[in-house]
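Read-outs: derived from the displayed coordinates by stated rules, not from any lab. Keep in mind the model is a prediction, meaning the values are calculated, not measured. Note: ideal-geometry Cβ built from the backbone for every residue, glycine included; neighbour counts use all protein chains shown.
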Amino acid sequence: DELLSNSTNRCNLIKEVSKNSTKRKILVTQQEILNAIQKLKNGKSPDEYGITAEHIKYAGNEITHIYQNIFNQIFKEGKVATSFKTGIITPVPKKGKDLTQATNYRGITVTSAHGKVYEYVLIEKAGLKNINQSNLQFGFTERLSPTMAALILSEVYSEINGKDLLFITTLDSQKAFDVVNHQILLDKLYYLGVDIEYWDVIEDMYNGVTSTVKWQGDTSLSFSIDQGVRQGGILSSHLYKQYINELLSELDTHNMGISIGNTYAGCPSCADDIVLLSNDQNEMQEMLNTVYDYSSDHRFLIHPVKSNTIVKSVNKRTSERIQQSTENFTLGDNIMEFKSETTHLGLKRTTSEETKININGRISLARRTLYSLIKTGVHGTNGLNSRTSCKIYQVYVIPRLLYGLETLNLQNKDTVALCSFHLSTLKHIQSLPNRTATSAV
């Protein structure tokens with residue numbers, strides 16, 4: 001409450017300063033607009049006006065001068081067009097959940113296509129990409145893969161030897177993007193040095209945000225959105241990373257967590273997906289205390305049940321003995337019991353046989369994906385021709401089979417298992433006998 005009160009007061013002061021200050025004139029060039037248009041993703045649902053990325057791309061140079069006039073006026077007045085602040089929410093049911101409960105639906109929001117062009121321009125001009133970003137934040141970052149966070153975890157584990165232990169805690173933030181407090185976020189942006197001209201338009205962009213819900217062909221009345229970064233918004237991921245960045249910096253500054261040599265590696269993250277790493281029980285509890293205090297101040301919740309802790313050791317029996325004899329960690333008033341496995345960025349992290357479990361899981365997923373494609377003709381008898389089937393296999397099955405495995409320490413037997421599945425699939429697609437030589441496949 002104190003942080004929110006202080007942030008609100010500071011934001012009010014910033015608004016007063018903005019009103020009474022002489023601002024520099026910001027001009028958007030047509031080339032900047034063309035660059036932004038090229039970043040729009042094709043194949044997305046139309047917004048509430050029926051506009052898609054393809055409409056804007058095919059219009060090309062014919063509309064850049066119109067965008068230029070609109071965007072320059074927005075920067076001049078510090079006011080964002082109302083049509084840029086609307087969205088359509090489509091509830092999508094979660095698999096295997098009770099569909100009579102509203103919490104078992106995931107809302108997918110489609111925002112204004114014109115607004116996305118403006119946000120791409122704003123990101124570049126305001127320099128919002130990776131501003132003061134932690135070196136351990138790998139989510140939504142150009143030239144960095146999210147699997148880098150998983151690789152760091154694997155590298156840390158490879159440093160363990162003898163009787164050393166590694167405590168791993170994966171944190172689950174409840175609806176992290178949807179509960180961001182606007183006043184705290186805006187306060188952080190100003191503190192980070194975002195120019196007042198850009199701060200004004202970001203503040204206005206989150207003032208008067210509305211959405212409607214589309215369900216079974218009908219659309220609800222419009223309602224206001226008073227918290228959270230906008231789902232579907234181009235700025236949203238960058239803004240959320242700034243909202244959470246101070247937590248990562250605090251852990252790093254106080255050297256809380258494990259290091260590889262002199263390099264800190266205690267909290268590799270992918271947006272809201274954070275994992276805490278330490279080889280000391282008391283230090284891990286201090287890290288959890290820091291996370292809990294930060295989440296309380298910033299008004300978001302770390303789920304104590306879905307957040308898991310495991311203990312890894314070179315010796316399986318040592319891991320099991322430590323888990324049984326070590327007092328459970330706490331997150332606020334909630335107890336976090338030790339688990340035998342947890343999931344981080346789609347990979348299973350376990351106390352033992354981690355690579356084997358992931359390999360078997362990937363092969364099982366690839367096989368299910370292959371079975372789901374049978375109806376499309378991806379099979380060896382009376383189906384699509386083998387060349388087409390192989391192409392579909394490469395596009396849809398192979399990525400699921402191999403995802404994240406580059407971050408694990410694969411042994412020869414693991415490679416053999418993957419190759420065996422791959423070869424048997426290729427033989428099946430081409431209607432070849434199982435005894436066919438590998439060189440002929």
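For the chain, what class follows from the C-alpha gyration tensor (a ≥ b ≥ c being the square roots of its eigenvalues): rounded when a/c is under 1.5, otherwise prolate if a/b is larger than b/c, else oblate? Don't jump to the answer; show the numbers that get you there.
Working: a/c = 2.06, a/b = 1.23, b/c = 1.67.
It comes out oblate by the Cα gyration axes.
Counting alpha carbon pairs within less than 8 Å and at least 6 residues apart, what relative contact order, in whole percent, applies to the chain?
Working: 637 pairs, mean separation 70.8, N = 441.
Relative contact order, the chain: 16 percent.
How would Glu354, Glu327 line up from fewest to most surrounding beta-carbon atoms within 10 angstrom?
Working: Glu354 19, Glu327 9.
Sorted ascending by nearby Cβ count, the order is Glu327, Glu354.
Can you list the lysines whose alpha carbon sits under 21 Å from that of Lys95, skipping same-chain ones fewer than 8 residues off?
Lys175, Lys214, Lys306, Lys348
Highest GNM mean-square fluctuation, the chain, Cα pairs closer than 10 Å: which of Thr425, Thr263, Thr343?
Largest GNM mean-square fluctuation: Thr263.
Search the structure for amide H atoms under 5 Å from the amide H of Thr330, placed 1.01 Å from N in the peptide plane, and list their residues when 5 or more places away or on another chain.
Under 5 Å from the amide H of Thr330 lie the amide H atoms of Met336, each far enough along the sequence or on another chain.
Using amide H atoms built in the peptide plane, which far-off residues or other-chain residues are under 5 Å from His344 H to H?
Arg349
Taking only Cα atoms and a 10 Å spring cutoff, compute GNM fluctuations for the chain and point out the largest among Thr376, Thr109, Thr351.
Top of the fluctuation ranking is Thr376.
Tell me what the chain gives for mean residue ellipticity at 222 nm when only DSSP H runs of n ≥ 4 count, each as -39,500 (n - 2.57), the sum divided by the residue total, rounded to 500 deg cm²/dmol.
Details: 15 runs with 189 residues, N = 441.
That comes out to -13500 deg cm²/dmol.
Looking at the chain as a GNM with Cα springs under 10 Å, which of Tyr118, Tyr58, Tyr264 has the largest mean-square fluctuation?
Fluctuation is largest for Tyr58.
Please get the size of the charge dipole for the chain, origin at its Cα centre, with Cβ charges of +1 on Lys and Arg and -1 on Asp and Glu, quoted in debye to the nearest 20. Before the final figure, lay out the partial values.
Values: 47 positive and 45 negative charges, 466 e Å.
Using Cβ point charges on Lys, Arg, Asp and Glu, the chain gives about 2240 debye.
Using θ = phi - 60° and the Karplus curve 6.51 cos²θ - 1.76 cosθ + 1.60, what whole-Hz ³J(HN,Hα) does each residue of segment 204-209 get, with Gly and Pro shown as x?
Result, ordered by residue: 6, 4, 9, 9, x, 6 Hz.
For segment 175-190, what does the Karplus curve 6.51 cos²θ - 1.76 cosθ + 1.60, with θ = phi - 60°, yield as ³J(HN,Hα) per residue in whole Hz, taken in order and with x for Gly and Pro?
With the stated coefficients, segment 175-190 comes to 6, 4, 5, 8, 10, 4, 7, 5, 5, 5, 4, 5, 4, 5, 4, 5 Hz.
Work from the charge dipole of the chain (Cβ charges, +1 for Lys and Arg, -1 for Asp and Glu, about the Cα centre) and give the residue of Thr253, Ala417, Ile302 farthest towards its positive end.
Toward the positive end, the furthest listed residue is Ala417.
Using only the Cα atoms of segment 23-157, each taken as one equal point scatterer with no solvent, compute I(q) by the Debye sum, divide by I(0), and report log10 of the ratio at q = 0.13 Å⁻¹.
-0.78
Could you tell me whether segment 1-45 comes out rounded, prolate or oblate from its Cα gyration tensor? Rule is a ≥ b ≥ c as square roots of the eigenvalues, rounded for a/c under 1.5, then prolate if a/b exceeds b/c, otherwise oblate. Please list the in-between numbers first.
On the way: a/c = 5.97, a/b = 1.68, b/c = 3.55.
Taking the square roots of the gyration eigenvalues as a ≥ b ≥ c, segment 1-45 is oblate.
Let a ≥ b ≥ c be the square roots of the eigenvalues of the Cα gyration tensor of segment 1-98; is it rounded (a/c under 1.5), or, if not, prolate (a/b larger than b/c) or oblate? Before the final figure, lay out the partial values.
Values: a/c = 2.99, a/b = 1.13, b/c = 2.65.
Cα axes put segment 1-98 in the oblate bin.
Quick check: the distance between the Cα centres of segment 324-342 and segment 120-189, to the nearest angstrom?
One Cα centre to the other: 23 Å.
Could you pull out every residue, at least 5 positions away or on a different chain, whose amide H is within less than 5 Å of the one on Val209? Hs are placed 1.01 Å off N in the peptide plane, and Pro or chain starts have none.
Excluding prolines and chain starts, which carry no amide H, the hits are Ile225.
Separation of segment 71-118 and segment 353-397 by C-alpha centroid, Å?
When both Cα centres are located, 34 Å separates them.
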